[in-house]
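Worksheet for the structure shown next.
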Amino acid sequence: QVQLVESGGGLVQPGGSLRLSCAASGITFSTYVMGWYRQAPGNQRELVADITAKGTTNYADSVKARFTISRDNTKNTVYLQMNSLKPEDTAVYYCNARRTSLNFWGQGIQVTVSS
């Protein structure tokens, strides 16, 4: 049973920070590309950041220099450190694990940036 469980979301003021965590089970975590996606109401799901098994990172232009993705293979966990948050970052954030033809999703966690 594959499980990706997000935590760390919530309500934060503009300019604030949050750290999302995604704990994975049921996969050989260290072999997967891990990613964070987000979806705002009325929008399609978009890639925020991902990180390969070797640690190479990729970010959407909208979050570069503000967000940092990292992974801890000893804990089967991927993180998204979000700084300088903006209202447009408001969305449901989804953890993703992919490898070749395999693709798994977490249930999503709400991040709301509002004063």
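Since every read-out is calculated from the coordinates, none of them should be taken as a lab result. Being a predicted model, the structure only gives us computed values, none of them experimental.
Taking 18 Å as the straight-line reach from the Cα of LYS54, the lysines in range (excluding those fewer than 8 positions away in the same chain) are LYS75. For LYS86, the lysines whose Cα falls under 25 Å of its own Cα, not counting residues fewer than eight places away in the same chain, are LYS64.
When you work out D = kT/(6 pi eta Rh) for the chain at 4 °C and 1.567 mPa s, using the Kirkwood radius from C-alpha pairs as Rh and the Stokes-Einstein form, the result is 93 µm²/s.
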